[in-house]
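Read the figures in this text as sums done on the coordinates, not as results from a lab. All values derive from a computational prediction rather than experimental measurement.
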């Protein structure tokens, strides 16, 4: 497609050049640019070589433009893909954060339910059990001391009665 455009432009400029030569115009100025049309610039072979070089430069320029267009399209599609991926990742992050929060709530409720089922005491219950244990320890010590006292008193009473009876 680009070769046909270059060829068409080349034919157009050749036609314009021939037209200007017939009108005997040696210089033309377009938008501040001057173009000189001289027939004495060299042989036809040199001019053909220059035209071929110009065609080749034009073809190289067009191919470079096509490559840049392809690269720009590739970059656009990569950018579009990256933006889509970023959007998906943001949605995934939001969903995962919500799921994490719900899992934390479920875990905390499961832990409290397990503690209730397993009979794991709360801090208040632990404090209450310690106080009851301390008081029951004191009572048990008093009872044990009473039992020991009773045994000792009984032994002492028995020994004194035996002494009185036999002696």
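Per the Cα gyration tensor, segment 62-167 maps to an equivalent ellipsoid with semi-axes of 92, 14, 8 Å, ordered largest to smallest.
In terms of Cα atoms, the Rg and Dmax of segment 122-167 work out to 19.6, 65 Å.
Once the chain from residue 130 to residue 44 is taken as fully extended at 0.36 nm per residue, the excess over their C-alpha distance is 19.2 nm.
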